[in-house]
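One structure is given here, and the rest of the page talks about it.
Every number in this text was worked out from the coordinates using simple rules, so none of it is lab data. Bear in mind that the values here come from a model prediction, so they are computed numbers and not experimental data. Note that we place each Cβ from the backbone using ideal geometry, even for glycine, and neighbour counts take in every protein chain shown.
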């Protein structure tokens with residue numbers, strides 16, 4: 001890919017895919033001439049960090065299912081994503097397994113009746129910790145963007161929280177807002 005800045009929108013990552021279609025990241029990267037992959041570094045139960053518990057409306061340190069992934073573009077790490085689900089929703093499903101989900105997790109959830117109706121995102125900038133710096137191949141003075149996203153259903157119940165960390169100098173986040 002010739003341009004080192006990636007322009008990303010959230011909508012494709014919130015919409016279920018048609019059967020047999022690749023996950024949103026693979027499709028987006030391919031549409032721009034690249035190869036988007038992900039490595040699942042962990043999937044299973046954990047105690048919810050305070051921020052995640054709050055976003056999911058759970059007690060602090062409640063048990064949740066997390067999927068930790070290194071997102072790659074053309075073989076290079078470009079994002080770290082931890083996705084959290086309430087344990088009763090995800091326990092014993094593919095969400096708790098360290099393997100790819102055909103069509104992606106959003107499609108898997110939609111097939112089970114969990115469809116996002118509203119999303120709340122917050123973006124902040126900060127310096128990476130040592131592990132983030134190493135995995136993302138960052139220099140000592142290169143900041144990251146941290147995007148937190150909570151997805152809620154039509155009854156305003158949160159069912160998914162994503163925590164993403166990406167190199168700031170390689171990202172531009174684009175939001176389109178329709179009024180009326």
(request) Find the centroid of the Cα atoms in the stretch 104-174 and in the stretch 56-76, then give the distance between the two in whole Å. (result) 9
(request) Beyond 18 Å, what share of the Cα-Cα pairs of the stretch 64-159 is found? Please give it as a whole percent. (result) 55
(message) Test of understanding: what is the full-extension gain from residue 62 to residue 41, defined as 0.36 nm times their sequence separation minus their Cα-Cα distance?
(response) 5.4 nm
(message) Less than 15 Å from a label point 7 Å out along the Cα-to-Cβ axis of residue 117: which backbone N atoms in the stretch 132-158 qualify, by residue?
(response) 151-158
(request) Report the calculated FRET efficiency for residue 137 and residue 54 (r = Cβ-Cβ distance, R0 = 35 Å), to the nearest 0.05. (result) 0.65
(message) Need the full-extension length gain, residue 124 to residue 173, defined as separation in residues times 0.36 nm minus the C-alpha distance. One decimal, nm.
(response) 16.5 nm
